[in-house]
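A short worksheet on the structure shown next.
The values are calculated or read from the model by the stated rules, or taken from the named source; none is laboratory data. Note that the structure is predicted; figures quoted are calculated from it, not measured. When we count neighbours, we look across all protein chains shown, and the Cβ atoms used for this are built from the backbone with ideal geometry, even at glycine.
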Amino acid sequence: MEKTKYSIKNHSKYLLIKFWLISTFIITVLIAQDKVLYLVNEEPTKMKRSDSEWKRILSAAEYHILREKGTERAFTGEYDGHFEEGTYVCAGCGNKIFESETKYRSGCGWPAFYNAIPESVQEHEDNSFGMRRIEITCSKCDGHLGHVFNDGPQPTGLRYCINSVSMDFNPSDKEEQK
Ligand SMILES: [Zn+2]
């Protein structure tokens, strides 16, 4: 009698351990799959905000250009003729998008760069206004920045034509570099 009691107790213990192992295994697989999906999407650091949140955070001009893909008037932008040393960041989320070393005088009326900071911007086909252009958006918040054209200087031959309103400027800290 005593022996049977013991074995039943042992058996339920075994079942409990089995159940625990199986659930741990399932949870691990689910977590791993989720991680794989995350890597496939390559968007682990995307900033998602609702339209009303953006309206609250951004100025009217920033909202129009970043979220409604507007364009500032040529030769009116704050950074068109701006050539200080530093980094240009997205006005929506602070993502570093252009270094001052890549900025040049294109004469097109908007700030122009021949290169973007790697992974900082994304390209999209834009066929609006009867033109075939490549739209540039911030890779972090998807804010509209401008367009990229193939008539830029070497070494890239690219011209990133960007709205000043879409950017903020951080002057390089000389003391920090020493
Ligand atoms: Zn951004």
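Computed quantities for the displayed model
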item	result
Qualifying residue in the range 144-152 (condition: over 16 Å from Thr71 (Cα atoms), surrounded by 15 or more Cβ atoms within 10 Å (Cβ to Cβ) and either within 16 Å of the ligand (Cβ to nearest atom) or not assigned by TED's automatic domain parsing to the domain that holds Arg67 (or both))	no
Hey, Ala74 more than 12 Å from the ligand (Cβ to nearest atom), of a type in the set (Gly, Ala, Ser), surrounded by 15 or more Cβ atoms within 10 Å (Cβ to Cβ) and within 21 Å of Phe169 (Cα to Cα) or not	no
Residue check for Val148: within 22 Å of Lys55 (Cβ to Cβ), at pLDDT 95 or above and either outside any strand (DSSP E or B) or touching a strand residue (DSSP E or B) at 6+ places or on another chain (Cβ under 6 Å) (or both)	no
Number of the exception - Ser139 against (1) among the polar types (S, T, N, Q); (2) modelled with pLDDT of 95 or more; (3) surrounded by fewer than 20 Cβ atoms within 10 Å (Cβ to Cβ)	(3)
Hits in the range 80-104 (condition: away from the ligand (no atom under 16 Å from the Cβ) and part of a loop (DSSP other than H, G, I, E, B))	Asp80, Gly81, His82, Phe83, Glu84, Glu85
Boolean, Asp168 is under 26 Å from Arg49 (Cβ atoms), crowded, with 16+ Cβ neighbours inside 10 Å and of a type in the set (D, E, K, R)	yes
Gly157 being within 16 Å of the ligand (Cβ to nearest atom) and in a loop (DSSP other than H, G, I, E, B)	no
